[in-house]
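Contents: one structure, followed by commentary.
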Amino acid sequence: MKDPRGEAAKWFAQAEYDLRAAQTNADNALYAYACFIAQQAAEKALKAFLYGQGERLVLGHSVATLCGRAAKSRKEFAALVQQARRLDRFYIPTRYPNGLPDGIPAEAYDARDAQDAITLAQEFCNTVKKYLNV
């Protein structure tokens, strides 16, 4: 990659967009999608951070794993790993009818789940924003 700061800026812009989309879904009672998109916002924010640190290829979907990688550069991220694990729970079960033991995602998540996920994702975006030069 020739421009890690540019790549970081793209990923962070999408993370902020996803965060707004999560809130829009929550506001319209689409709670499972709000939870999933909040997870995506945190994932993309952390990828932005890692690109901003000069990483050339950032793969994976686990917010906890990405957070652990970010903690190698900034210790502040180490304190967020537990919150990252909470967001990771929204990656698959919020989208697939066979991701839950009973029922479907549309019936399994509520307003509190969505708001919790959005709040966590916002924390990741705020933390990453402090370190990005975008």
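The values are calculated or read from the model by the stated rules, or taken from the named source; none is laboratory data. Predicted model, so just to flag it, every value in this text is computed and none were measured. Note: ideal-geometry Cβ built from the backbone for every residue, glycine included; neighbour counts use all protein chains shown. Note: accessible area is taken over every heavy atom of the protein model, side chains too, but ligands, DNA and RNA are not part of it. Shrake-Rupley method; radii C 1.70, N 1.55, O 1.52, S 1.80 Å.
Here are some notes:
- Subset of region 41-55 that is over 8 Å from the mean Cα position of the chain (by Cα) and of a type in the set (D, E, K, R) - its residue that is nearest to THR119 (Cα to Cα): LYS47
- When region 1-18 is filtered for residues that are out of contact with any Asp or Glu (no Cβ under 8 Å at 6 or more places or on another chain) and open to solvent by 20 Å² or more (accessible area, probe 1.4 Å), the ones remaining, listed by number, are LYS2, ASP3, ARG5, GLY6, GLU7, ALA9, LYS10, TRP11, ALA13, GLN14, GLU16, TYR17.
- In the condition set (1) within 12 Å of the chain's Cα centre (by Cα); (2) open to solvent by less than 40 Å² (accessible area, probe 1.4 Å); (3) not hydroxyl-bearing (Ser, Thr, Tyr), ASN25 is compliant with all but (1).
- Complete set of residues in region 82-109 that are open to solvent by 40 Å² or more (accessible area, probe 1.4 Å), of a type in the set (A, V, I, L, M) and not in a loop (DSSP other than H, G, I, E, B): ALA106, ALA108
- Residues satisfying the stated conditions in region 54-72, i.e. in contact (Cβ under 8 Å) with a residue 24 or more places away in the chain, more than 22 Å from GLN23 (Cα to Cα) and either among the hydroxyl-bearing types (Ser, Thr, Tyr) or open to solvent by 30 Å² or more (accessible area, probe 1.4 Å) (or both): GLY54, GLU55, ARG56, LEU57
- ARG69 among the charged types (D, E, K, R) and touching a Phe, Trp or Tyr at 6+ places or on another chain (Cβ under 9 Å): yes
- Selection of helices (runs of 4 or more DSSP H) fully inside region 1-81 by the criterion of at least 3 residues being within 29 Å of ALA111 (Cα to Cα), touching a Ser or Thr at 6+ places or on another chain (Cβ under 8 Å) and not charged (D, E, K, R) returns 31-52.
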